[in-house]
Amino acid sequence: MSNLKSIGQIGIPVKDINRAILFYKDLLELPLLFNMGSMAFFNCNGVRLMLSLPEKEQFENASSVLYFQVDDITASYNQLKEKGVAFIDKPHLITKMGSTEKWMARPEILSVTMG
């Protein structure tokens, strides 16, 4: 039996810490808990996101894919597009599970226009 309970923190390697902070703070509007040099910490509804410059070259391309839940995917999609976030696709139905539908829209993080 596992002693694991819930995710406390997700680490995400980034190449440009300042650009990443702007994306998560200004575009996604996640609360910035604190930052120090090569790291920044955000709160995502109780799960802490740690952005950091990789300590070793072998970890430069390692990453996590984050799936955020929203109340209204179309409204969230439109709000992020207005802020300059480019998307690979529009919101679309992924699956139906009983009476629940799962929708998704994938942002193209590298195409974000900032400032």
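The values are calculated or read from the model by the stated rules, or taken from the named source; none is laboratory data. As the structure is a prediction and not an experimental result, all values here were calculated from the model. Cβ: placed from backbone, ideal geometry, glycine included. Neighbour counts: every protein chain shown.
Could you list all residues from region 67-115 that are basic (Lys, Arg) and modelled with pLDDT under 90? Those that are basic (Lys, Arg) and modelled with pLDDT under 90: Lys83, Lys96, Lys102, Arg106. Residues in region 15-27 that are β-branched (Val, Ile, Thr) and at pLDDT below 90: 0 in all.
Of the numbered criteria (1) under 22 Å from Ile7 (Cα atoms); (2) under 13 Å from the mean Cα position of the chain (by Cα); (3) surrounded by 13 or more Cβ atoms within 10 Å (Cβ to Cβ), the one Asn45 fails is (3).
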